[in-house]
Amino acid sequence: MAVWIIWGTALLAYGAFRLWYDNWSGPLKPSEIDAFLEQMAGRFEGSGNSPEVMRAFLEADDGREFVMLNLVKAQMEQVEDPKTGQMVHGFDLLKRYQTTAVFQLESSGMKDLIRRLQPDCFEDMVALVALFRPGPLQSGMVDDFIDRKHGRARIEYPHPALETILRPTYGVILYQEQVMQIAQVLAGYSLGGADLLRRAMGKKKPEEMAKQRDTFVKGAIEHQVETEVAAHIFDLMEKFAGYGFNRSHSAAYALLSYQTAWLKAHYPAAFMAAVLSSDMDKTDKVVVFIEECRHMRLRIASPAINSSEYHFTVGAQGEIRYGLGAIKGIGEGAIEALVQERQRGGPYRDLFDLCQRVELRKLNRRVLEALIRAGAFDELGANRATLAAQLPEALQLAEQHSRNDAAGQNDLFGLGASLDRTPARPLHIAKLPEWDEDERLRGEKDTLGVYLSGHPVRRVMAELEALRVTPLKGLTESGGGRRGQERALLIAGLVVSVRTRNANRGGRMAFVTLDDDGGRIEVRLFPEVYERDRALVVEDTIVLMRGALVWDEFNQTTRVNVERVLDLDGARAEQARRLLLRLDARQCAAGAVRSLAELLTEYRAGGRCAVELEYCGSGARVELLLGPGWQVRPSEALLKRLRELLGVDAVQLRYEQQASVDRNSLG
């Protein structure tokens, strides 16, 4: 029941159209047939069906599903491109293999098949489902099918009479029904006999196949087919029957794929909210769907206690509001209690108001801490650090209120009626500085599985630009290169996932997904590189990778071959030319120079980065370049301590070549 309710969220957007269709009863009315034929004018040209034949078909009861399918297909022909806002053919979006969350079409292997096949009609979608199986993929059938579709191979029919049967599959015997049709057309099989032939080919019993061969060849000869041609066609049928798929099964799946693709194209926010809700208890899937939403340019709003529901929902501005039920470590009962009380008593005013109004036996400290770290309570206080500090007192006051209420001590004499809501009491904790970005984002990742309010790469974006890192967005959107164009590059990003497998030549190779807040790409690390640098390839860390962008002939696309992996400290040690530190008279008077000297001394061993001091006094400004003896290793630990000592804006790494100018030097 829950699954149907969840999918109903997406289908609400589709509801007006379905309601119109579902309310039909009995045969189609003449006016309905006229309207449909007018809307579909020209659509059936070349099909051999005259308007009179179409009208007769539609007057039958089974004409309803035909009308339904063709109206949906007509809608698919004009879809708004979420990237450009322009109206395009619906299959243009499908051909970009943006099929995450589309029924049967969302796996990486299927996306690769879509990329190669470039389906542009419903028949191609039916073929997709039939082709994406081990038999066709391993036998070469898929490659032959794709080459024929794109004109790289000649479309040939074993016999002229088979063109009508095999035209939709470019001359390839793909479906079991095609085997049956061939037997009927060429050898005069009955429907029952053709089905027996299909079963025999599936079971591959030699004695039965010998009987069927004799029957097929004799029947084909009677239909003026030469013996050699008949035997050749039977051999083809026998070969492809081992891989043949049931077309009716494939078509039914393809129709569902078509309809979910239609929903995703026309109502992206409602569709993705429903998809997220259907798998909200599986964090790994939520992460994938959130990334797809970002790729679709759908805004994901952080969970908010006064506006979020248990499931993901669509906001007034078209944003997707994060579902409270997707926060890790919080049971459905606790969320329902919070939502029901909000609906009953109105929005929560602050943390104490919430703790007072919801039964504490349904909420414990761990649940409330998770909600704070996820950002769900942001509107209840100054910031997350302050809310976390207020939580113990809020719980204590709420427990006291609960005890007083139970003892009847709501007024001075304990005689007053229990109040429904007690005015919020000011908490004693003053506003605290917000957590630093690393801690805030870590809290989101721990509770939501994703970063919502920021991205770890943003903090070091200026350094990555100075290192001339190639943005991933350019590689993912344009393909990054073309056949015959190989170029060296440096990329960087957060390690999102790492998967490994055995390489053909021995050892383990890795497939690493990087995200730089603008794009996402999967790169390959061959065994020698992975074995050497595997300690650096850890999820949720920022790495830089040197490599080459090359053309992958097998997959007909570009890929990055990684030659070396660096962490930020390694890149800084190799590339940073100067560490610029700014001080003023007030800091110097407070002893900052001595503290600075002690701090730099800890990081001088093996250092190659020069240190430059910029002093600003009341009437003068001086730049001092410290001597080689003060060169340091500009690690993250040193930079963090320097920012704590001098201020965030007073510490800067420079990666350009050292300027050849005269400076005062201190040895």
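Assorted remarks:
- Accessible surface of D516, taken over heavy atoms with a 1.4 Å probe and every protein chain present, rounds to 20 Å².
- Cross-link partners of K204 among lysines (Cα-Cα below 16 Å; sequence separation of 8 or more within a chain): K239
- Local electrostatic count, R442, Cβ distance below 11 Å [Lys/Arg +1, Asp/Glu -1]: -4
- The share of accessible area on segment 521-590 that comes from carbon and sulfur is 49 percent, using a 1.4 angstrom probe.
- A cut-off of 5 Å between modelled amide H atoms, ignoring neighbours fewer than 5 places along the same chain, links G607 with R633.
- Sites D147 and N246 - FRET efficiency at Förster radius 25 Å, r taken between beta-carbons, to 0.05: 0.50
- Accessible surface of segment 222-356, 1.4 Å probe, proportion on carbon and sulfur as whole %: 50
- Rounded to whole Hz, the Karplus (6.51, -1.76, 1.60) HN-Hα couplings of segment 205-212, x for glycine and proline: 7, x, 5, 5, 5, 5, 5, 5
- Under a model in which nothing but the beta-carbon of Lys, Arg (+1) and Asp, Glu (-1) is charged, segment 241-393 shows a dipole of about 240 debye around its Cα centre.
- Per residue, segment 480-627 exposes 51 Å² of accessible surface when a 1.4 Å probe is rolled over the protein heavy atoms with every protein chain present.
- DSSP bridge pairs, segment 511-627: antiparallel proportion in percent, nearest 5: 70
- Out-of-range pairs (alpha-carbon distance over 29 Å; input K445/K640; K111/K282; K149/K218): K149/K218
- Segment 105-257: equivalent-ellipsoid semi-axes (sqrt of 5 x gyration tensor eigenvalues, Cα, Å): 28, 16, 13
- Note that segment 199-286 presents 50 Å² accessible area per residue, ligands and nucleic acids not counted, probe 1.4 Å.
- Of interest is the spacing of the C-alpha centroids, which for segment 234-287 and segment 297-343 amounts to 28 Å.
The values are calculated or read from the model by the stated rules, or taken from the named source; none is laboratory data. Please read these numbers as outputs of a predicted model, since none were measured by experiment. Here the Cβ is made from the backbone with ideal geometry for all residues, glycine too, and neighbour counts use every protein chain on show. These area figures cover heavy atoms from the full protein model, side chains too; ligands, DNA and RNA do not enter into them. Shrake-Rupley method; radii C 1.70, N 1.55, O 1.52, S 1.80 Å.
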